[in-house]
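The values are calculated or read from the model by the stated rules, or taken from the named source; none is laboratory data. Quick caveat, the model's predicted, so the values are computed rather than measured. All Cβ positions, glycine included, derive from the backbone under ideal geometry; neighbour counts span all protein chains shown. Note: areas computed on protein heavy atoms with side chains; ligands, DNA, RNA excluded. Shrake-Rupley method; radii C 1.70, N 1.55, O 1.52, S 1.80 Å.
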Amino acid sequence: MEYKHSRNQVYLINYHLIWCPKRRKKVLVGKIVKRLEEILIQVAKEKEVDILALQIMPEHLHLFVSCYPQLAIHKLVKSFKGRSSNILRKEFPELLKLPSLWTHSYFVS
């Protein structure tokens with residue numbers, strides 16, 4: 001891990017994020033996993049966040065990210081979960097059986 005530099009800052013901020021689908025249903029399988037990975041990478045690029053590691057299990061996912069100090073982590077998680085839920089539920093009708101794709105909660109360390 002290397003420190004990052006901006007004009008007036010030196011920082012190293014890494015977060016471990018975990019969240020799961022509603023009711024811990026094992027829906028993160030097959031083509032959904034590949035598409036979810038693409039969406040998370042796209043959101044990370046837009047937010048100027050580096051994805052250090054991503055592991056998607058059938059009933060939850062682990063995401064390690066590195067970001068700049070001004071980024072509020074709750075807004076980043078909202079972006080990841082909101083965009084992925086919206087796109088995945090449009091592209092995969094079987095996900096519409098759940099009242100929502102993700103739970104409201106998440107873990108961050």
Step through the residues of the stretch 70-87 one at a time and calculate ³J(HN,Hα) from phi using the Karplus curve (6.51 cos²θ - 1.76 cosθ + 1.60, θ = phi - 60°), rounding each to whole Hz and writing x for Gly and Pro. 6, 7, 6, 5, 5, 6, 5, 4, 4, 5, 4, 5, x, 5, 5, 5, 4, 5
Work out from phi, with θ = phi - 60° and the Karplus expression 6.51 cos²θ - 1.76 cosθ + 1.60, the ³J(HN,Hα) of each residue of the stretch 6-16, listed in order in whole Hz, and give x for Gly and Pro. 10, 4, 10, 9, 10, 8, 8, 10, 10, 10, 10
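Just the number please: accessible area per residue for the chain, 1.4 Å probe, all protein chains included, in Å².
63
Which of the residue pairs K4/K25; K26/K47; K4/K90 have a Cα-Cα distance greater than 32 Å in the structure shown?
Numbers: K4/K25 38 Å; K26/K47 28 Å; K4/K90 37 Å.
Result: K4/K25; K4/K90 exceed 32 Å.
Counting only protein heavy atoms, what percent of the accessible surface of the chain is carbon or sulfur at a 1.4 Å probe? Intermediate results must be reported in sequence, preceding the final value.
Working: 3650 of 6840 Å².
With neighbouring chains kept in place, the figure for the chain is 53 percent.
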With θ set to phi - 60°, apply the Karplus curve 6.51 cos²θ - 1.76 cosθ + 1.60 along the stretch 90-99 and write out the HN-Hα couplings as whole Hz, x wherever there is a Gly or Pro. 6, 8, 10, x, 5, 6, 6, 5, 7, x
Which of the lysines could a cross-linker bridge to K22, judged by Cα under 16 Å and excluding same-chain residues fewer than eight apart? K78, K81, K97
Can you give the percent of C-alpha pairs in the stretch 70-109 whose distance is more than 14 Å? 51
To the nearest 10 degrees, the tilt of helix 31-46 (Cα long axis) against the first principal axis of the alpha carbons of the chain is 30
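Once every DSSP H run of n ≥ 4 in the chain is given -39500 (n - 2.57) and the sum is divided by its residues, what mean residue ellipticity at 222 nm do you get, rounded to the nearest 500 deg cm²/dmol? Kindly include the intermediate steps, with their values, before the conclusion.
Working: 2 runs with 35 residues, N = 109.
The per-residue figure over the chain is -11000 deg cm²/dmol.
Using R₀ = 30 Å, calculate the FRET efficiency as 1/(1 + (r/R₀)^6) where r is the Cβ-Cβ separation of L12 and F92; round to 0.05.
About 0.25, to the nearest 0.05.
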Select one label from [x] 14.1; [y] 16.2; [z] 14.6: the one whose number is Kirkwood radius over Cα pairs in Å as derived from the coordinates shown. [z]
For H104 and E59, what is the calculated FRET efficiency with R₀ set at 22 Å and r taken between the beta-carbons, to the nearest 0.05? 0.85
